[in-house]
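Novice: Before I ask anything, let me first share the structure, which is written out below as structure tokens.
The values are calculated or read from the model by the stated rules, or taken from the named source; none is laboratory data. It should be emphasised that the depicted structure is a prediction, and the values quoted were computed from it without experimental measurement. Cβ placement follows ideal geometry from the backbone for every residue including glycine, while neighbour counts extend to all protein chains displayed. Side chains included, ligands, DNA and RNA excluded: accessible areas come from the protein's heavy atoms. Shrake-Rupley method; radii C 1.70, N 1.55, O 1.52, S 1.80 Å.
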Amino acid sequence: MEPIEFGLGDLPSDFSLEKYEQCAKWTVEEWWRALSYRYPVHLLAKQYPEDVIEEEDWTLDDRVEFLRDHAANFISNPLPEKRDDYRPFAYGADEPLIRDLTGRDYQDAPSTLKKWKEAINEAEYLRPSERADAIDGLRETPAWEIHREIDGFENVFRIEVDLAASDDDLLREFMAWLKRIRSEAEMSKIPRSFGPADFVKWHEKRLLPYLDLSLWAAMHGGHLSYSVIGHALFPDEPLRGPQMRAVEPMIQRTVKPQARALLHPEVCRVLGRQVVNEAREKP
């Protein structure tokens, strides 16, 4: 079934930008709670493609209902209620940043290779003038693009390193690679700590409501175009007159990548450390 393209009139009745006004004044603990509760939900949502949600076997599945309930709850109350029996933290946030790959990482390799092979086979049916370029393009596609498309994990990048090279050469090339890939993959550099100025920017760019509306749409078998979600998040933009910004490119180039970066497990880890440190400093 084709994904549904929701319009402004289809947005949940509970959605209101006024509910998100509180975000600008949230403390470190409140942002940590908000993002830590959302992180596992978004992670779980990525494991279920949008096109299967409308299938009969899935509409009654407890996991889908769980995700839909959470999507609705986030929209109804952007700051989840603090539960005594649950300490919010991003799954996997305590894992090392760099590790050796193991056999577990290659368990799903056949599905990855199958996807790649299918794409190359499809290119074989193109006109001769287009076939060679298409196949060469696929063969030169970075592995991280294929892995991201298949497993949905946007923060893991697999690279090859020649340890026989000198440390200076490795570090120089790695820093150049890091800068280039972060730009190409729309991954923001995460600072060591966050403060009120960061929270105001997150609020002004409507990052949290973007995440909540996107999750809601995906869990109901559809998506929101840049135009629809742009006008939902910035309804007053036309009132700016000559200073009016085009909402579609703003969502695509700024809001979307920065909202995704906000759900990076390291963001939750940084905020969590700040919460712990602040608690220690209290008399």
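Novice: Which ³J(HN,Hα) values in Hz, rounded to whole numbers, follow from the phi angles of segment 224-232 under the Karplus curve 6.51 cos²θ - 1.76 cosθ + 1.60, where θ = phi - 60° and Gly and Pro get x?
Specialist: Coupling constants for segment 224-232: 10, 5, 4, 5, 5, 5, x, 6, 6 Hz.
Novice: Same structure again: How do the peptides 36-44, 166-174 rank, highest first, by the average count of neighbouring beta carbon atoms within 10 Å per residue?
Specialist: Output ranking for 36-44, 166-174: 36-44, 166-174.
Novice: So, with a 1.4 angstrom probe, what is the percent of accessible area on segment 196-283 that is carbon and sulfur?
Specialist: The value for segment 196-283 is 53 percent carbon and sulfur by accessible area.
Novice: If you don't mind, another one. Counting only heavy atoms of protein chains, what accessible area per residue, in Å², does segment 153-283 have with a probe of 1.4 Å?
Specialist: That works out to 60 Å² for each residue.
Novice: Now a separate question. Please report the spacing between the Cα centers of segment 250-273 and segment 184-217 in Å, no decimals.
Specialist: 4 Å
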